[in-house]
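Step one of this worksheet: look at the structure below.
The values are calculated or read from the model by the stated rules, or taken from the named source; none is laboratory data. Keep in mind it's a predicted model, so treat the numbers as computed, not measured. Glycine gets a Cβ as well: all are built from the backbone with ideal geometry, and neighbour counts include every protein chain shown.
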Amino acid sequence: MTEQTEQLYRQAGEQFAPALARLARSVERDADKARDLEQEMHCALWSSLARFDGRCALKTWVYRVAHNVAADHVARSMRGPQRVPLEDIDCLPSPANVEADTAEALVLAQVAELIRRLPPVDTQVIVLWLEGESAAAIAEITGLSTGAVNVRVHRIKTLLASHFTETDQAETAV
Amino acid sequence: MSNSPFSLWAAAASDATFTDPAACAAHAGEFERRIARRNRIERIAGWIQLPVWGGMAAFYLRVGEVPLALSAIMIGVGVLVVLRNLTRRADNLDRHPEEPCRDHLVRQYRRQYEALLSVPLWYIGPVMPGLIAFLAAVTSGIAEVKGWDAALAELTRRGLFIGLVFCAVVLLNWYGARRLKRDLERLERLA
């Protein structure tokens, strides 16, 4: 590993370690397996950085590596529930075994459950959106058209908005 | 990264750090070793079959059943070809995880789709000549003892059973390939 690559790895670690940890935990419910997946992402990134030529931003590179490793992980353990595209989901699924203190935490737990039930592409878009990435950045990372990204982001926003509206209405009614 | 729509999402795992590079080097070595171990097991499983077919061929030769001996040799050769195909097709894809996620998925799905669709060619095809030769030899042996009517009836029974098993294998793989094709088309539309 050259000094420059090592420097890039350190820089990526400082900026993206929490985001990669969140990604691993959102696609893998089991904490130990999530930790293994996280380490797998680090190592894939570590070996890939020798090929980094600066043609895209470091952020784009890191997210591509991490999401592709996550997609491979999901493909290896496809025995879970059947995956359903975001377009076909009408409401957030109920999370299993979650003790939520606040409405936001509950929604996050439901989003995590939703993420685990989505096909890889939809998962990638949602997690990147949750990380605060723009549609253009998500499109560059995933290779999807900006339109396709916008459709997915709009869908998840609508899902969340309708969920909050229903929750508010229920609270008002009580 | 600070514009996350959920503050709780961005706050989670904020203390996470990257794995030490030395651990990554060790991990990469472990990965290589795992693949090598898997390939070794695959080869051993294949090589265990070969002495069986070789032994059968030797036995049939000794008792003067040349057609049966030849068919056993042909099946053995077929197993060798299947083994080579398995190694070629079971290998991991070149790892380029930095490519855009959609391209990565398309490459994976396409490889699996092609492998499933061509199962008759690379998995069943190589052992077919040996099996047909075996059935022909057995049929002719039965015909010498019980006559051709009984031999052909037996051939039909055995042929039907083998044909049904192979058809089921091909159909299941074809069904899997069709599902992958739909996934592939869906991904293509997202570009």
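At-a-glance table
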| quantity | calculated |
| --- | --- |
| Members of region A:29-38 that are touching a helix residue (DSSP H, G or I) at 6+ places or on another chain (Cβ under 7 Å) and at pLDDT 90 or above | A:Ala34, A:Leu37, A:Glu38 |
| Residue list for region A:46-58, filter: assigned to a helix (DSSP H, G or I) and either touching a Phe, Trp or Tyr at 6+ places or on another chain (Cβ under 6 Å) or facing chain B (nearest Cβ under 8 Å) (or both) | A:Trp46, A:Ser47, A:Ser48, A:Leu49, A:Arg51 |
| Test for B:Ala143: is it of a type in the set (A, V, I, L, M, F, W, C), under 22 Å from B:Gly64 (Cβ atoms), touching a Ser or Thr at 6+ places or on another chain (Cβ under 8 Å) and surrounded by 13 or more Cβ atoms within 10 Å (Cβ to Cβ) | no |
| A:Arg10 closer than 25 Å to A:Leu118 by Cβ and either of a type outside the set (A, V, I, L, M, F, W, C) or assigned to a helix (DSSP H, G or I) (or both) | no |
| Qualifying positions in region A:111-157 - assigned to a loop (DSSP other than H, G, I, E, B), within 12 Å of A:Val27 (Cα to Cα) and either of a type in the set (Lys, Arg) or within 11 Å of the chain's Cα centre (by Cα) (or both) | A:Leu118 |
| Test: B:Arg107 is within 14 Å of another protein chain (Cβ to nearest Cβ) and assigned to a helix (DSSP H, G or I) | yes |
